[in-house]
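Quick one: this structure, given as structure tokens, is what I'll be asking you about.
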Amino acid sequence: MSFGENEKINNAIIRSYALMDSNIRNDTHKSYVFSKQIIHDDESLTENEKSEAITLLTKHYDLNKLLYRNLVFCDLAVMILTKTSLEIVVSSNNNL
């Protein structure tokens, strides 16, 4: 997985994900906060590299939030459509 053009930054981000346990990895916000802290504490990165890495993490985090919201919206829409379709079928059968 590549986040940007700088291999050093990519490796730092990948390292932050590798250090996460599953309880953190399964929560998008906790994962984001954890990775930011790991990047911030990484002494091998310059301040500019840390800033770029955190910017990349933030873009990735924002995209994940957007995808999750759309997924929840789609699930809700499917449930509503299914319920509505079922009500139409039941009411049609009652008219027979």
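The values are calculated or read from the model by the stated rules, or taken from the named source; none is laboratory data. Because the structure is predicted, anything quoted here is derived from the model rather than measured. Counting neighbours? That spans all protein chains shown, and the Cβs are built from the backbone with ideal geometry, glycine included.
Each row is one residue, and each column tells you yes or no for (1) at pLDDT below 90; (2) closer than 26 Å to residue 5 by Cα.
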{"site": "28", "(1), (2)": "yes, yes"}
{"site": "31", "(1), (2)": "no, yes"}
{"site": "37", "(1), (2)": "no, yes"}
{"site": "41", "(1), (2)": "no, yes"}
{"site": "53", "(1), (2)": "no, yes"}
{"site": "68", "(1), (2)": "yes, no"}
{"site": "80", "(1), (2)": "yes, no"}
{"site": "90", "(1), (2)": "yes, no"}
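Right, next: I'm told residue 74 meets every condition in (1) buried (at least 16 other Cβ atoms within 10 Å of the Cβ); (2) assigned to a helix (DSSP H, G or I) except one. Can you identify the failing condition by its number?
It fails just one condition, (1).
So residue 64 ticks every box in (1) at pLDDT below 80; (2) assigned to a helix (DSSP H, G or I) but one. Which box is left unticked?
(1)
Can you tell me which residues in the range 9-49 are among the charged types (D, E, K, R), under 21 Å from residue 68 (Cβ atoms) and assigned to a helix (DSSP H, G or I)?
25, 30, 36
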